[in-house]
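The values are calculated or read from the model by the stated rules, or taken from the named source; none is laboratory data. Predicted model, so just to flag it, every value in this text is computed and none were measured. Cβ placement follows ideal geometry from the backbone for every residue including glycine, while neighbour counts extend to all protein chains displayed. These accessible areas exclude ligands, DNA and RNA; they are computed on the full protein's heavy atoms, side chains included. Shrake-Rupley method; radii C 1.70, N 1.55, O 1.52, S 1.80 Å.
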Amino acid sequence: MVTYQLTLYKIFYAQKHSIDLKDIETHFALLKRTAKKERVEIFRVTSASKKQQNALALLSRALYNIKNSNFIKDRRSCAKCEFYRTEHCP
């Protein structure tokens, strides 16, 4: 999901600033808590046209589900919710 997020940033940044997608690189920084000297690891994130299509399709489905109130409930968080076991619990 992180790489899709970066792919979407790249697409929309390119559109906003009229830049060719080929001229934009995206990277992901992984912060480590180990005793190693290198505490940050940088990964280049590629986004070919298929990945761009997949990211846009995922965003489109998410927006459709939000618009139609099709929310996925994470039952692991229910006990902490202020609406747990009330008439407002979905």
All positions within the stretch 71-90 that are of a type in the set (A, V, I, L, M) and either closer than 28 Å to R61 by Cα or in contact (Cβ under 8 Å) with a residue 24 or more places away in the chain (or both) | I72
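Can you pull out every residue in the stretch 61-85 that is assigned to a helix (DSSP H, G or I) and open to solvent by less than 70 Å² (accessible area, probe 1.4 Å)?
Once the filter is applied, which keeps residues that are assigned to a helix (DSSP H, G or I) and open to solvent by less than 70 Å² (accessible area, probe 1.4 Å), the stretch 61-85 yields A62, N65, S77, C78.
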Sole miss for L21 among (1) at pLDDT 90 or above; (2) within 13 Å of the chain's Cα centre (by Cα) is condition (2)
Within the set of pairs 6+ apart or on separate chains, which have a first residue in the stretch 50-64 that is farther than 16 Å from L6 by Cβ, a second that is open to solvent by 50 Å² or more (accessible area, probe 1.4 Å), and C-beta atoms under 9 Å apart?
-> Y64/N70
Of all residues making up the stretch 18-57, the number that are open to solvent by 90 Å² or more (accessible area, probe 1.4 Å) and in a helix (DSSP H, G or I) | 4
